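Bear in mind that the values in this text are calculations on the coordinates, not laboratory data. Computed from a predicted model, the values in this text were never measured in an experiment. Reconstructed Cβ throughout: ideal geometry from the backbone, glycine too, with neighbour counts over all protein chains shown.
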Amino acid sequence: MRQFQPLRVNCHSGSDAWAPEDAARFYQKALPVEADIGLCVCHETHRGRCFYNPWATVRLLEMFPKLNLCADFSHWVCVCERLLNTEESLLRACAARVIHIHARVGYENGPQVPDPRAPEWSAHLEAHERWWRWIWDAQAQRGATEATLTPEFGPPSYLHTLPYTQAPVADLEQISNWQAERQARNFEKWAAKPATHISSSEEPTASASYKTSKLSRK
């Protein structure tokens, strides 16, 4: 894997069926392997995995200071069936350990809204964007030199379809490109705040697959 020089390696690790002590044993053995391979590894907050909800996640983060996350908070909105507006301290604690973002937008009954551009999903989009800003804040505070984000909107059946015909209700490529461009602009706005700025040596870049920008603190 080293030959490909990945920026990040994202893992779908563990199972939500594991007892807490089983999950702890897994990461106790997994983290030395991560250190040995010398790659930047993160574990995704995903349904069906150890990090399927924020409470289980925080418990493991407290046990393992070297454990890093890939934040796909859309799954938590689905699992918890709410936007978690009352859980700021919990989400900020998780944000402090995030090294990569999956910028999918979830809702109370699923991990992916049909089309994040639609006005009926504006509250969900804005909530997720607020959480991503907290991640950027935390990354800058700990001296990170770059931020990465994937506008990860999935194909059917993540993407909603019409009954019988299974025709998609929206264009997946258009959504992914729109999200990549929107979050690049959002990052620029965030970085323009007095406490943070982008290094003059590199401007933010965006694509349908990922975005990388420099982080620094004044």
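So is Pro116 over 15 Å from the mean Cα position of the chain (by Cα) and either farther than 20 Å from Arg8 by Cα or not polar (S, T, N, Q) (or both) or not?
Against the criterion (over 15 Å from the mean Cα position of the chain (by Cα) and either farther than 20 Å from Arg8 by Cα or not polar (S, T, N, Q) (or both)), Pro116 qualifies.
What pairs come up if the first residue lies in region 39-66 and is among the basic types (Lys, Arg), the second is in a helix (DSSP H, G or I) and surrounded by fewer than 18 Cβ atoms within 10 Å (Cβ to Cβ), and their beta carbons are under 9 Å apart, counting only those six or more places apart or on different chains?
Arg59/Pro20; Arg59/Ala24; Lys66/Leu31; Lys66/Ala35
Okay, residues lined up against (1) in a loop (DSSP other than H, G, I, E, B); (2) more than 18 Å from the chain's Cα centre (by Cα); (3) at negative phi; (4) among the basic types (Lys, Arg):
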residue: Ala144; (1), (2), (3), (4): yes, no, yes, no
residue: Glu152; (1), (2), (3), (4): yes, no, yes, no
residue: Ser157; (1), (2), (3), (4): yes, yes, yes, no
residue: Gln174; (1), (2), (3), (4): no, yes, yes, no
residue: Trp178; (1), (2), (3), (4): no, no, yes, no
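If Gln139 satisfies all but one of (1) farther than 15 Å from Ser74 by Cα; (2) surrounded by fewer than 18 Cβ atoms within 10 Å (Cβ to Cβ); (3) out of contact with any Ser or Thr (no Cβ under 6 Å at 6 or more places or on another chain), what's the number of the condition it fails?
(2)
Evaluate region 95-116: report whether one residue or more is part of a helix (DSSP H, G or I), buried (at least 21 other Cβ atoms within 10 Å of the Cβ) and in contact (Cβ under 8 Å) with a residue 40 or more places away in the chain.
So far as region 95-116 goes, yes, one or more of its residues are part of a helix (DSSP H, G or I), buried (at least 21 other Cβ atoms within 10 Å of the Cβ) and in contact (Cβ under 8 Å) with a residue 40 or more places away in the chain.
How many residues does region 54-85 hold that are buried (at least 16 other Cβ atoms within 10 Å of the Cβ) and at positive phi?
Counting residues in region 54-85 that are buried (at least 16 other Cβ atoms within 10 Å of the Cβ) and at positive phi gives 1.
When only residues in region 12-53 that are out of contact with any strand residue (DSSP E or B) (no Cβ under 7 Å at 6 or more places or on another chain) and within 16 Å of Ile99 (Cα to Cα) count, which is surrounded by the most Cβ atoms within 10 Å (Cβ to Cβ)?
His46
Out of Ser74, Ser89, Ser15, I need the residue that is of a type in the set (Gly, Ala, Ser), closer than 21 Å to Glu126 by Cα and in contact (Cβ under 8 Å) with a residue 24 or more places away in the chain. Which one?
Selected residue: Ser74, the only one of Ser74, Ser89, Ser15 that is of a type in the set (Gly, Ala, Ser), closer than 21 Å to Glu126 by Cα and in contact (Cβ under 8 Å) with a residue 24 or more places away in the chain.
Given the structure, is Glu88 over 30 Å from Leu159 (Cα atoms), out of contact with any Ser or Thr (no Cβ under 8 Å at 6 or more places or on another chain) and exposed (fewer than 14 other Cβ atoms within 10 Å of the Cβ)?
Spelling it out, it is not the case that Glu88 is over 30 Å from Leu159 (Cα atoms), out of contact with any Ser or Thr (no Cβ under 8 Å at 6 or more places or on another chain) and exposed (fewer than 14 other Cβ atoms within 10 Å of the Cβ).
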